[in-house]
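Notes follow the structure.
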Amino acid sequence: MYLTIQQTAEYLDVPYSYIESLIRDKRIRAVHDGTAYLINSNQFDTYFEQIEKYRLMIQEYLSEPLPEDPDIKDED
């Protein structure tokens, strides 16, 4: 599925100018059809998979219980 720059910016929730700069730097593949740039949305699948993976990893880390402190019961 091909998206325009505006649609891609909304899809990724980033500014329009940022998408333009990524196209200029050739960090995003785009096709120019004569009037506008078209961007294949499938190239962002890996990005979203990585974001989900990191989100789950952080969620696991935060839900891990804290170990009991050995010094807490020590009353000198």
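The values are calculated or read from the model by the stated rules, or taken from the named source; none is laboratory data. What you see is a predicted model, and the numbers here were worked out from it, not measured in a lab. Quick reminder, even Gly has a Cβ in these numbers, built from the backbone with ideal geometry, and neighbours come from all protein chains shown. In case anyone asks, the SASA skips ligands and DNA or RNA and just uses the protein heavy atoms, side chains included. Shrake-Rupley method; radii C 1.70, N 1.55, O 1.52, S 1.80 Å.
Among the numbered conditions (1) touching a residue at least 40 places away in the same chain (Cβ under 8 Å); (2) open to solvent by 80 Å² or more (accessible area, probe 1.4 Å), the only one that SER41 does not meet is (2).
ARG55 - would you say it is modelled with pLDDT of 90 or more, under 17 Å from the mean Cα position of the chain (by Cα) and open to solvent by 90 Å² or more (accessible area, probe 1.4 Å)? Break it down into steps so the answer makes sense when it comes.
Numbers: modelled with pLDDT of 90 or more: yes; under 17 Å from the mean Cα position of the chain (by Cα): yes; open to solvent by 90 Å² or more (accessible area, probe 1.4 Å): yes.
Judged against the criteria, ARG55 is a match.
Here the stretch 12-27 is the region considered, the condition is being within 14 Å of the chain's Cα centre (by Cα) and surrounded by 15 or more Cβ atoms within 10 Å (Cβ to Cβ), and the residue that is nearest to ILE51 (Cα to Cα) is LEU12.
Quick check on the stretch 4-25. Is at least one of its residues in a loop (DSSP other than H, G, I, E, B) and basic (Lys, Arg)? The answer is no; no qualifying residue exists. Looking across the stretch 62-76 at every residue that is part of a loop (DSSP other than H, G, I, E, B) and not acidic (Asp, Glu), the one that is modelled with the highest pLDDT is identified as PRO65. Close Cβ contacts (under 8 Å, 6 or more residues apart or on different chains) running from residues in the stretch 26-38 that are within 18 Å of MET1 (Cα to Cα) to residues that are loosely packed, with under 10 Cβ neighbours inside 10 Å comprise LEU38/HIS32.
Working only within the stretch 26-40, note down all residues that are β-branched (Val, Ile, Thr) and not in a loop (DSSP other than H, G, I, E, B).
Scanning the stretch 26-40 gives VAL31, ILE39.
Just the residues that are among the polar types (S, T, N, Q) and either open to solvent by 100 Å² or more (accessible area, probe 1.4 Å) or closer than 25 Å to LEU12 by Cα (or both), please, taken from the stretch 58-69. Result: GLN59, single match.
Here the condition is being in a helix (DSSP H, G or I) and touching a Lys or Arg at 6+ places or on another chain (Cβ under 8 Å); of GLN43, GLN50, GLN59, it holds for GLN43 alone.
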